Amino acid sequence: MGLERADFLRARAAAFLEAARSDLSRGDYDLVLFHAEQAIQLCLKHLIFSRVGDFPKAHSLVRLIREALKLGGIPGLRELYEENLEMIYLLEEAYISSRYLPHSYGRDIAERALRFAEHALGVLGCLRRA
């Protein structure tokens, strides 16, 4: 059951990343940020679950990254966090506003968010083949 759940979380993270790419090609910039955030969130949950058999039932990327940092042994994670804190908070905001507040984003920030999500999933190991 554990391996199946971990595989599901990683596969879902990859699917959300692909959705973000598709959103960008259609000009759905708000959805790019939403799907990029979801990809990173589920990849973090995959990583944590793979190591401890459970994951925090939280949606905050900051909280999830901090939990993953406590585990140690994840090359590049601290740098990813420290060098991209503004983008991480922006993605959290986009996740919340997608549900409750009207907010729109332009192509430039959508492209940056997608590049960040691709980089983050690479650092977190969700782009590796199973």
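How large is Rg/Rh for segment 86-125, to two decimals, with Cα atoms and a Kirkwood Rh? Intermediate results must be reported in sequence, preceding the final value.
Details: Rg = 11.1 Å, Rh = 10.9 Å.
Rg divided by Rh gives 1.01.
Normalised by the residues of the chain, what does the relative contact order come to in percent, with Cα pairs under 8 Å and at least six apart? Walk me through the numbers before you get to the answer.
Details: 154 pairs, mean separation 45.2, N = 130.
Normalised by residue count, the contact order of the chain is 35 percent.
Once the piece of chain linking ILE109 and GLU79 is laid out straight, how much longer is it, given 0.36 nm per residue of separation minus the C-alpha distance between them?
Working: separation 30, 0.36 × 30 = 10.80 nm, distance 2.08 nm.
Residue separation times 0.36 nm, minus the Cα-Cα distance, leaves 8.7 nm.
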In order through segment 43-53: 3J(HN,Hα) via Karplus (6.51 cos²θ - 1.76 cosθ + 1.60), integer Hz, x for Gly, Pro | 5, 4, 5, 4, 4, 5, 4, 4, 9, 10, x
Test item: Cα-centred dipole of segment 1-83, Lys/Arg +1 and Asp/Glu -1 on Cβ, debye | 320 debye
How large, in Å, is segment 63-130 by the Kirkwood hydrodynamic radius built from its alpha-carbon pairs?
-> 13.3 Å
With labels modelled as points extended 7 Å from the Cα through the Cβ direction, what inter-label distance (nm, one decimal) is found for GLU118 paired with LEU71?
-> 2.5 nm
Calculated P(r) of the chain - Cα pairs past 20 Å, % | 39 percent
What helix-only [θ] at 222 nm does the chain give? Using -39500 (n - 2.57) per DSSP H run of at least 4, over all residues, to the nearest 500, the answer is -26000 deg cm²/dmol
In whole percents, the bins of 10 Å from zero upward hold the Cα-Cα pairs of segment 24-79 as 23, 47, 22, 9
The chain: most fluctuating residue of ASP108, ASP28, ASP54 per GNM, C-alpha cutoff 10 Å | ASP108
In debye to the nearest 20, how big a dipole does segment 83-130 give about its Cα centre with +1 on each Lys and Arg Cβ and -1 on each Asp and Glu Cβ?
-> 280 debye
What ranking do ILE96, ILE65 get, fewest neighbouring Cβ atoms within 10 angstrom at the top?
-> ILE96, ILE65
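Where a number appears in this text, it was derived from the coordinates with a stated rule and is not lab data. Since the model is a prediction, treat every value here as computed from it, not as a measurement. Virtual Cβ from ideal backbone geometry, glycine too; neighbours counted across all protein chains shown.
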